[in-house]
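Before I ask anything, here is the structure I am working with.
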Amino acid sequence: MGWTQIPKILPPTKIVNVGAGSDATVYSPPLRALSIGTVGDVKVKDAEGNDVTIPSNALTAGIQHPMQVSMVYQTGTTASEIVGWR
């Protein structure tokens, strides 16, 4: 029985202050995680270009949620104190 090497996944290292989102800011490269300070819905554009609204009951405040997003919209977002991680 041989050993299988597991690819190393690097943790996000650069903090990006997203605030309450913006309908114009595009993150390139995409953010690799989001955390929120105040729970609410978060509308994002994922790395494939799809607009997705993440409901408030799917995100916990103060935790890094791994996801790749290129935009965090202000319109449709009720969460606040959003921080992105690269």
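The values are calculated or read from the model by the stated rules, or taken from the named source; none is laboratory data. Keep in mind that this is a model prediction, so the values were computed, not measured. Here the Cβ positions follow ideal geometry from the backbone for every residue, glycine too, while neighbour counts run over all protein chains shown.
So how many residues does the stretch 20-39 have that are loosely packed, with under 14 Cβ neighbours inside 10 Å and closer than 17 Å to His65 by Cβ? Outline the logic, then answer.
The first filter runs over the stretch 20-39 and keeps only residues loosely packed, with under 14 Cβ neighbours inside 10 Å, leaving 23-24, 26, 28-29, 37-38.
Next, from what is left, pick out any that are closer than 17 Å to His65 by Cβ: 37-38.
The qualifying residues number 2.
Further question on the same structure: Kindly indicate whether Ala79 is at pLDDT 95 or above and either touching a His at 6+ places or on another chain (Cβ under 7 Å) or within 20 Å of Ile15 (Cβ to Cβ) (or both). Full working, then the answer.
Numbers: at pLDDT 95 or above: yes; either touching a His at 6+ places or on another chain (Cβ under 7 Å) or within 20 Å of Ile15 (Cβ to Cβ) (or both): yes.
In short, yes.
Those residues that are part of a loop (DSSP other than H, G, I, E, B) and at pLDDT below 95, I need them from the stretch 62-73; list them, please. Write out each step before concluding.
So in the stretch 62-73, the residues part of a loop (DSSP other than H, G, I, E, B) come out as 62-64, 73.
Once the filter is applied, which keeps residues that are part of a loop (DSSP other than H, G, I, E, B) and at pLDDT below 95, the stretch 62-73 yields Gly62, Ile63, Gln64.
Let me ask something else. Return only the number of the condition from (1) of a type outside the set (Ser, Thr, Tyr); (2) modelled with pLDDT under 95; (3) in a loop (DSSP other than H, G, I, E, B) that Val18 does not satisfy.
Failing condition for Val18: (3).
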